[in-house]
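Take a look at the structure set out below.
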Amino acid sequence: MLKIAIAKSLKPQYWVQARSLKMATDAENKVHHHYTHTDPCKDLRWTARECYQFLYSKPWKSVNDYYLDLVNGRSSLAELFGHKDVDDIVDEYAPENNLPDDQSGRWARVTYKIVVSYHGEFFDGWQKQPGLNTVQKPVERSIGIFVDERKAQQRKKKGLPVEGIVVVAGRTDKGVTALHQVCSFYTWRKDVSIEDIKHAINLAAPEKLRVVSVSQVSRAFHPNFSAKWRRYLYIFPLGEGDCREQSSEIGEMEIAEDDHKENFKDLLTEKEELDGVKKPTSFSVRRVDQLLHQLEGKLLSYKMFARDTKASRNIGPPTECFMYHARAAESRIPCSNKDHVDGMKVMCIELVANRFLRRMVRVLVATVVREAAAGSEEDVLLKLMEARCRRATAPPAPPDGLCLVDVGYSDFDPQKCFIC
């Protein structure tokens, strides 16, 4: 009773200070269990710091410039993959407008499917957030003029700006580009034309955001729930010493020690330098392709490759994704640098799945590059699925190289892929 009386007599600030002190003490005593790789390549595998520095040191500006040309229609993916019909691969299917004969009441509203293209360098992701320049914000603001009168009056009474409400196929992170992002909105107004919608959105952020197409669809259409697959493309710039030929023997490493000491010195910790650990400075694109190919046609939990909620909470279907297509190939992109007359050499990674978790593609790309450099076995990504600590995977690759190419609403056709 005496302790309770003394506690009640203390001022609130003392309670706050005591609690902060306890939290700091608990944090100091907390033990962080790091994932330990036990395979033969464990000493050749980059640490998180080394992987981060290797990935972010690349010339991403050339990739950003190429994506900007794609967004504004000044370039085409056909230049990247070498076949003219690559643009026809993009899925433009829209559900038929099967409305009932009696189009009154809730069926009287009109739903529009909008396909937009935007450059991630200029936006803080898709989802609208206070104080951030997101894609959703200018899109909803621009279609506010198409909101019906009743909805407009309701927002004005609440002191809110007259804006539309759009739903999207998938939210992209800050810095991620999209060529065919799908969103939709509905209105009860009958005087809205497709050209008016295009014009309004195109004026919102010129050279950064562009409307690819607008179509009227069924009220039952939902950009996210109606989608059957998503296609992502990751363009990874390759330097002169980044790429090496695939060895015929699995796990055999071809490392130039002189180049290693010069180019990778900053990535080694003092302990590693003392121990004389020689880590690779290059990887094989062919090996990356082999590692990714093991994921095709499998329904797996990608919780170790996700960066949203705690891994212990990601159990079961919420983290399961079916990978339709996962391949990698070498190509070249146009580059203004005089040193790259024939274009900059890049690695293209194409991933198609029914869904993707937050930052899953970026973590997967970084991890597969790390494993290819270390000379890991072909099933290493499948083994990492069973890990219990996210430190088993690499930190996310830069968002500059990631692009949402398109969203499919028809069954996936394996023949319609960029990389075969």
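The values are calculated or read from the model by the stated rules, or taken from the named source; none is laboratory data. None of these values were measured; they are calculated from a predicted model. Positions of Cβ are generated from backbone atoms using ideal geometry, with glycine treated the same way; all protein chains shown enter the neighbour counts.
Of the residues S142, S76, only one is outside the structural domain of V352 (by TED's automatic domain parsing), at pLDDT 90 or above and more than 19 Å from the chain's Cα centre (by Cα); which?
Numbers: S76 fails: at pLDDT 90 or above.
Result: S142 is the single residue among S142, S76 that is outside the structural domain of V352 (by TED's automatic domain parsing), at pLDDT 90 or above and more than 19 Å from the chain's Cα centre (by Cα).
Can you tell me which residue within region 267-296, out of those that are charged (D, E, K, R) and at pLDDT below 60, is farthest from the chain's Cα centre (by Cα)?
As a first pass, look at region 267-296 and keep what is charged (D, E, K, R): 270-273, 275, 278-279, 286-287, 289, 296.
Next cut, at pLDDT below 60 only: 270-273, 275.
Values: E270: 34, K271: 34, E272: 33, E273: 35, D275: 37 Å.
Among them, the one singled out is D275.
Residues of region 149-182 being of a type in the set (A, V, I, L, M), within 34 Å of the chain's Cα centre (by Cα) and farther than 30 Å from L402 by Cβ, which ones?
Step one: of region 149-182, the residues of a type in the set (A, V, I, L, M) are 152, 160, 162, 165-169, 176, 178-179, 182.
Pick out the ones that are also within 34 Å of the chain's Cα centre (by Cα) and you get 160, 162, 165-169, 176, 178-179, 182.
Across region 149-182, the qualifying residues are L160, V162.
How many residues, within region 381-420, are among the charged types (D, E, K, R), within 22 Å of K298 (Cα to Cα) and either crowded, with 23+ Cβ neighbours inside 10 Å or at pLDDT 90 or above (or both)? Break it down stepwise before answering.
Residues of region 381-420 that are among the charged types (D, E, K, R), as a first pass: 383, 386, 388, 390-391, 400, 406, 411, 413, 416.
Checking the rest, the ones that are also within 22 Å of K298 (Cα to Cα) come to 383, 386, 388, 390, 406, 411, 413, 416.
Now narrow it down to the ones that are either crowded, with 23+ Cβ neighbours inside 10 Å or at pLDDT 90 or above (or both): 383, 406, 411, 413.
Result for region 381-420: 4.
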Count of residues meeting criterion [in contact with a helix residue (DSSP H, G or I) (Cβ under 9 Å, 6 or more places away or on another chain) and more than 19 Å from V71 (Cβ to Cβ)] in region 156-190
11
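Would you mind finding the one in F305, F322 that is touching a strand residue (DSSP E or B) at 6+ places or on another chain (Cβ under 8 Å), at pLDDT 90 or above and of a type outside the set (S, T, Y)? It would help to see each step written out before you state the result.
Working: F305 fails: touching a strand residue (DSSP E or B) at 6+ places or on another chain (Cβ under 8 Å).
One residue alone meets the criteria, F322.
If you scan region 283-308, which residues turn out to be in a helix (DSSP H, G or I) and either on the phi > 0 side of the Ramachandran plot or among the hydrophobic types (A, V, I, L, M, F, W, C) (or both)? Even if it seems obvious, please write down each step before you answer.
Narrowing region 283-308 to residues in a helix (DSSP H, G or I): 285-293, 303-305.
Residues satisfying the conditions are V285, V288, L291, L292, M304, F305.
Quick check on region 2-12. Is at least one of its residues assigned to a helix (DSSP H, G or I), closer than 30 Å to L384 by Cα, out of contact with any Lys or Arg (no Cβ under 7 Å at 6 or more places or on another chain) and modelled with pLDDT of 50 or more? Steps first, please.
Filtering region 2-12 for residues assigned to a helix (DSSP H, G or I) gives 2-9, 12.
Subsequent filtering for residues that are closer than 30 Å to L384 by Cα retains none.
No, the conditions are met nowhere in region 2-12.
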Would you mention how many residues in region 365-382 are closer than 24 Å to I235 by Cβ and either in a helix (DSSP H, G or I) or β-branched (V, I, T) (or both)?
12
Over region 129-180, the set of residues out of contact with any strand residue (DSSP E or B) (no Cβ under 7 Å at 6 or more places or on another chain), among the small types (G, A, S) and part of a loop (DSSP other than H, G, I, E, B) is G131, G159, G175
Any residue in region 354-363 that is more than 23 Å from S57 (Cβ to Cβ), over 18 Å from the mean Cα position of the chain (by Cα) and either surrounded by fewer than 21 Cβ atoms within 10 Å (Cβ to Cβ) or not assigned by TED's automatic domain parsing to the domain that holds G239 (or both)?
no
Subset of region 188-199, residues surrounded by fewer than 19 Cβ atoms within 10 Å (Cβ to Cβ) and not in a loop (DSSP other than H, G, I, E, B), comes to I194, E195, D196, K198, H199
